[in-house]
Amino acid sequence: MVDNLTQLPELLAITTMILVLVIFLVLNRKNKRLMQQLTESQEQYKQLQDEQQKLQKQFVEFRAGSINMGQKVADITQLNQHFDDRLNELENTDADSRLYSRANKLVQLGAGINELMEECELPKAEAELMMSLQAKIAAGKGSMPPLRMENEE
């Protein structure tokens, strides 16, 4: 039993060393796992940063495109307003050409001289002229002259 007591400190030392070695191995393995997770996290972080930069570039491009598109829409709106104004101006100032355009349509639809005179308030000579011109056009012998000369305005 004395022998056992003298071996007790050695046994305790060996057990302690084995225990320390096991703890060291467990901690070392845990450290390796943590290092691997850290590396994976760093790679994911890098990928997310790259993706964020791509998205930021796309956002800047979309924003620039939408600003450009907004400017184009404004320009087209302004141009459309100009055309509307010009059309209204032409409609209000060119009553005679509207009258003759209407008379021409009536003739094409088969209206007679009396109907032209009544609907469009044309003199008989002008109504006959419209009928004659339309007959020539229908026969393929002529074409309707423009209502205005190009250099008039």
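No value in this document is a laboratory result; all are computed from the given coordinates. What you are looking at is a predicted structure, and each value in this text was computed from that prediction instead of being measured. Positions of Cβ are backbone-derived with ideal geometry, glycine not excepted, and every protein chain shown enters the neighbour counts.
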How many Å³ per residue does the convex hull of the Cα positions in segment 1-83 occupy? 71
Stretched out fully, how many nm does the piece from Ser132 to Thr16 gain, at 0.36 nm a residue minus the Cα gap? 29.1 nm
Run the simple label-point estimate for Lys105 and Gln37 please: 7 Å along Cα→C-beta, distance reported in nm. 8.2
Taking θ as phi - 60°, what are the ³J(HN,Hα) couplings along segment 128-135 by the Karplus curve (6.51, -1.76, 1.60), each to the nearest whole Hz, with x for Gly and Pro? 5, 4, 4, 5, 5, 4, 5, 5
Can you divide the C-alpha Rg of segment 14-139 by 2.2 N^0.38 Å and report the result to two decimal places? 3.12
